[in-house]
Amino acid sequence: MLAMSDITITLPDGSERSLPEGATGTTLAESIGPGLAKAALVVDVDGEPHDLAAPLPDHATVKFVTDRDPEALEHLRHSTAHVLAQAVLEMWPGATFAGGPAIDDGFYYDFELPDGATFSEDDLAAIDARMREIIAADQTFERFELPVPEAKELMAAHPYKQQFMDLAASGDDADGEVSAGERISFYRNTPAFVDMCRGPHVPSTGRLGHFKLMRVAGAYFRGSEKNPMLQRIYGTAWANKKDLAAHLHRLEEAIKRDHRRLAHDLDLVSWPEELGPGLAVWHPKGALVRKTMEDYSRFRHEHGGYDFVFSPHIAKSVLWETSGHLDFYADSMYPPMEMDGATYYPKPMNCPFHVMVYRSQQRSYRDLPLRLFELGTVYRYELSGAVHGLLRSRGFTQDDSHIFCTLEQVEEELASLLDFVLDVLRSFGFTDFQAKLSTRPLEKSVGDDKLWELATNGLRAALDAHGLDYIVDDGGGAFYGPKIDVDVRDAIGRSWQLSTLQLDFNLPERFGIEYIAPDGTRQQPVMIHRALFGSVERFFGVLLEHYAGALPTWLAPVQVRVLPVADAHADYASEVLSSLKAVGLRADIVWADESLGNRIRKAKGEKLPYVLVVGDDDVANGTVGVNARGNDVERDVAVAAFTERVTAEVADFRGV
């Protein structure tokens, strides 16, 4: 029988434990066993993470998080960020700090050093050493709370912390650094170091240690160029030494696969300073790969029931006012141009133009679904510090499709769209997918409940039908409709968000588009935005990094290179080249102006799928020596047999 002061706790397996009132997560872990008490990092109470030292409420459902749980990484990284802040403030008297969150694969912390000083990469080793001393001291993360006036007094020397408090009080999320309310929470490691934080943290610094400081960068406070520039230190932290080493190895691989480096080395794309940030020129080889991608996209859309459209690169402001872009997206649009008594903007999106195509004539339910497709170039003003090669550009081409359908067609259309998306992605060699379903925002949205429910259920059914792993982002959808984002995992395990299926209940209403229903009434169609590549440029960059530049044969700008051993073999090499080109293969020849070994090494450096070497025996027998990328050399291969093999490989996209 429970004592009057006892509390009851439910564990994940449904069993219950009785503990004295005021018992903490640590108390509960110790009552279960010493192994758990040693391994536990934080405790989830009714689904919300708390410090182990926090008292447990009565009738709570409790789950312990150990370093074996994926969610432990966020807590390990967040706590390591606080140790970073402690080390920096100790080493640079007079420094102040802003925010230090956990992020994907790591953490960062923003600082302002006295007298305008900046960090150098050489400082990282000294900071790392001090952090390890703090970790070795096994300092306890002690939480306490203060009323706002006292909290501000405590942070008097740290204006950015005070700004976070003011932001939270005004209803801003304050970058998650502090919660709104009458009291502010802090963590103390030692009498000399206190940091404002919502928590939770691991019990003590001794639970940390598998980290590495990565780099120094400048960062505007809260990401706005209107705010002061701070000094940001990035780091990574993991649950154990093995995972840290694996991550660092992936980073080394990522550097080798950086699409900007590959684009330069393989003579594909460049970014001349004269063009400005985020704008690229495509060299002949890169343009050939791009054309192949776009041609395949056009082929699939032509045979997939899509109608092709084209739209101009600029439009009058009235279009963007009607669509709402000038209200919600103006900061990401290029400045206007005044011409002929009107204001024009370069287009940031293609969707309003496709609505214009729909609205150009009266539509019947018999016309639906109407699937419009365009490879449309758009222009978005990204901050110069945010642009990143082809992955984040200021000018890029979207493989944009907009589907207009009836309410009754939504579920079937979504299933068909997802099937189309996945099939095309598989053709480019991606096989590992994960999706995110983002549902209706809690605060503001357009469209009635029935429409949201039907659309969300349609997206969910499409995901379930394809057996895709997916997560649900409750409330994460746009105000105008739910969506699916499809991520692919590349050859070194990185996840890339590529394709999107987005329902839109807003634009049809803004533009007043309709169709004639079977009963003769005018109804509003449902609009579905669908980007498959996301953008041609970004998809190209992802492909380069996925394949480390060694593109599959059907995409490679040069599929076969012919190398005559000596000048005496030049005529036969030309005949081989002609036979390859006759069957549509992209082939070239490099004459014997330097040694064969050098020419083979250069071809391998260009990551060509096939190199053919021809010598005396080949001239006599009508054969070639085949040096296939990643395989052993084959001798005495008949030219006809080789061309048949490669043309079959190129034709079989699904086998790439």
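The values are calculated or read from the model by the stated rules, or taken from the named source; none is laboratory data. Being a predicted model, the structure only gives us computed values, none of them experimental. Here Cβ is always computed from backbone atoms with ideal geometry, including for glycine, and neighbour counts include all displayed protein chains. For the accessible areas, the whole protein counts, side chains as well, though only heavy atoms, and no ligand, DNA or RNA atoms are used. Shrake-Rupley method; radii C 1.70, N 1.55, O 1.52, S 1.80 Å.
Which whole-number percent gives the relative contact order of segment 144-284, counting Cα pairs below 8 Å spaced six or more residues apart?
On the way: 146 pairs, mean separation 17.7, N = 141.
Reported relative contact order: 13 percent.
Within segment 18-126, list the GluC sites (Glu not before Pro) lying in a DSSP loop whose Cβ has at most 15 other Cβ atoms in a 10 Å radius. Write down the numbers at each step before the final one.
Numbers: sites: E21, E30, E71, E74, E90, E112, E121; in loops: E21, E71, E121.
Sites meeting the loop and neighbour criteria: E21, E71, E121.
If packing is taken as the average count of other Cβ atoms within 10 Å, what order do 395-406, 320-331 fall into, highest mean first? It would help to have the intermediate numbers written out before the result.
On the way: 395-406: 22.8, 320-331: 14.9.
Descending mean neighbour count gives 395-406, 320-331.
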Quiz item: Given 10 °C and 1.306 mPa s, how large is the Stokes-Einstein diffusion coefficient of the chain in µm²/s, with Rh as the Kirkwood radius over Cα pairs?
Solution: 54 µm²/s
Practice problem: Classify segment 141-275 as rounded, prolate or oblate, taking a ≥ b ≥ c as the square roots of the eigenvalues of its Cα gyration tensor: rounded when a/c is under 1.5, otherwise prolate if a/b is larger than b/c and oblate if not. | Solution: oblate
Quiz item: In terms of Cα to Cα distance under 23 Å, which lysines are near enough to K226, apart from those fewer than 8 places away along the same chain?
Solution: K161
Quiz item: For segment 80-200, max minus min Cα coordinate along each principal axis, in Å, sorted largest first?
Solution: 40, 32, 30
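Note down the magnitude of the dipole of segment 252-401 about its Cα centre, charges +1 on Lys and Arg C-beta and -1 on Asp and Glu C-beta and zero elsewhere, to the nearest 20 debye. Could the numbers behind the result be given before it?
Values: 18 positive and 21 negative charges, 83 e Å.
The calculation lands at about 400 debye.
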Exercise. Could you work out the local net charge near R394, counting Lys and Arg as +1, Asp and Glu as -1, over the other residues with Cβ closer than 9 Å to its Cβ?
Key: +1
Exercise. Specify which residue in the list Y365, F404, V378 is farthest towards the positive end of the charge dipole of segment 363-418, using unit charges on the beta carbon of Lys, Arg (+1) and Asp, Glu (-1), about the Cα centre.
Key: V378
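Could you give me D for segment 513-568, from Stokes-Einstein at 20 °C and 1.002 mPa s, where the hydrodynamic radius is the Kirkwood radius over C-alpha pairs? Units µm² s⁻¹, please. It would help to have the intermediate numbers written out before the result.
Working: Rh = 16.5 Å.
The diffusion coefficient I find is 130 µm²/s.
Go through 577-587, 634-644 and give me the packing order, highest mean Cβ count within 10 Å leading.
Details: 577-587: 16.2, 634-644: 14.6.
Top of the packing list down: 577-587, 634-644.
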Exercise. With 29 Å as the limit, write out which pairs from K38/K212; K63/K436; K38/K256 have Cα-Cα distances beyond it, or answer none.
Key: K38/K256
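Report the Stokes-Einstein translational diffusion coefficient (µm² s⁻¹, integer) for segment 261-315, Rh taken as the Kirkwood radius over Cα pairs, at 10 °C with viscosity 1.306 mPa s. Numbers along the way, then the final one.
Numbers: Rh = 13.6 Å.
Value of D from the Cα-based Kirkwood radius: 117 µm²/s.
With every protein chain left in place, what is the accessible area per residue of the chain in square angstrom, probe 1.4 Å?
On the way: 30850 Å² over 656 residues.
Normalised by residue count, the accessible surface of the chain is 47 Å².
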Quiz item: Using a cut-off of 20 Å between alpha-carbon atoms, which aspartates and glutamates can reach K347, once sequence neighbours fewer than 8 places away in the same chain are excluded?
Solution: E321, D327, D331, E338, E374, E382, D399, D400, D504, E537
Quiz item: Just from the alpha-carbon atoms, what are the Rg and Dmax of segment 334-444 in angstroms?
Solution: 18.0, 52
Practice problem: Give me the percent of DSSP beta bridges within segment 9-67 that run antiparallel, rounded to the nearest 5. | Solution: 85 percent
Practice problem: Decide, for segment 447-554, between rounded, prolate and oblate: order the square roots of the alpha carbon gyration tensor eigenvalues as a ≥ b ≥ c, take rounded if a/c falls under 1.5, and otherwise choose prolate if a/b is larger than b/c, else oblate. | Solution: prolate
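Taking only DSSP H segments of four or more residues, each worth -39500 (n - 2.57), what value at 222 nm results for the chain once the sum is divided by all its residues, to the nearest 500 deg cm²/dmol? Can you show the working numbers first?
Details: 20 runs with 222 residues, N = 656.
Computed ellipticity for the chain at 222 nm equals -10500 deg cm²/dmol.
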Quiz prompt | Straight-distance crosslink candidates among aspartates and glutamates, where the alpha carbon sits under 14 Å from K241 and sequence neighbours closer than 8 are dropped | solution = D67
Quiz prompt | Packing-based order for 167-176, 50-59, using average beta carbon neighbours within 10 Å, highest first | solution = 50-59, 167-176
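Report the antiparallel proportion of the DSSP beta bridges in segment 513-636 as a percent, rounded to a multiple of 5.
Details: 8 of 16 bridges.
So the antiparallel bridges amount to about 50 percent of the total.
Roughly how many debye, to the nearest 20, is the charge dipole of the chain about its Cα centre, given +1 on each Lys and Arg Cβ, -1 on each Asp and Glu Cβ, and no other charges? Working shown, then result.
On the way: 65 positive and 100 negative charges, 216 e Å.
For this selection, approximately 1040 debye.
Determine the percent antiparallel among the DSSP beta bridges restricted to the chain, to the nearest 5. All intermediate terms of the calculation are to be shown ahead of the outcome.
Values: 97 of 114 bridges.
Roughly 85 percent of the beta bridges in the chain run antiparallel, per DSSP.
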